[in-house]
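Comments concern the structure below.
Bear in mind that the values in this text are calculations on the coordinates, not laboratory data. Because the structure is a prediction, the values reported are computed rather than measured. In this analysis, Cβ positions are derived from the backbone assuming ideal geometry, glycine residues included, and neighbour counts consider all displayed protein chains.
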Amino acid sequence: MPFIEKTLVACRDCGRSYPFTVEEQEAFARQGYRNEPSRCPECRETRRAKRAASPMRSFNDNVNQRSEPRVMHPVVCSRCGKATEVPFLPRADRAVYCRDCYSQEPRSSHERSNY
Ligand SMILES: [Zn+2]
Ligand SMILES: [Zn+2]
């Protein structure tokens, strides 16, 4: 698909309209971006500089996205009586199974148990 220079309406940060050049479109495509930039090149540069100035913050953001800590709840398996943990809050009116029993149960009987 050939790139054509476009003029985008307004930068999200400063409100100016700015050109989205062919080179930038190619660079964006190379980096895997599908969307048009929502900021002018200057504001993008400013944001990048800010982000570079606070590496801890972006590091934390990445960690949060990748491995959100799971809250495990201790339960007793309704089938074999083994103590186990489930990643959801167990309800009194619902049978809770350990991993082994759960995998042995037919899928359809508790599709809604969040496992
Ligand atoms: Zn701007
Ligand atoms: Zn069990």
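So here's what we get for this one:
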quantity: Formal net charge of residues neighbouring residue 14 (Cβ-Cβ distance under 10 Å; K, R +1; D, E -1); calculated: +1
quantity: Amide H partners (placed H, <5 Å) of residue 88, local residues excluded; calculated: 73
quantity: Per-residue HN-Hα couplings for segment 20-31 [Karplus 6.51, -1.76, 1.60; θ = phi - 60°; Hz; x = Gly/Pro]; calculated: 10, 6, 4, 4, 5, 4, 5, 4, 4, 4, 4, 7
quantity: Likely footprinting exposure, 18, 97, 33, fewest C-beta neighbours within 10 Å first; calculated: 33, 18, 97
quantity: Footprinting exposure proxy for 84, 46 (fewest neighbouring C-beta atoms within 10 Å first); calculated: 46, 84
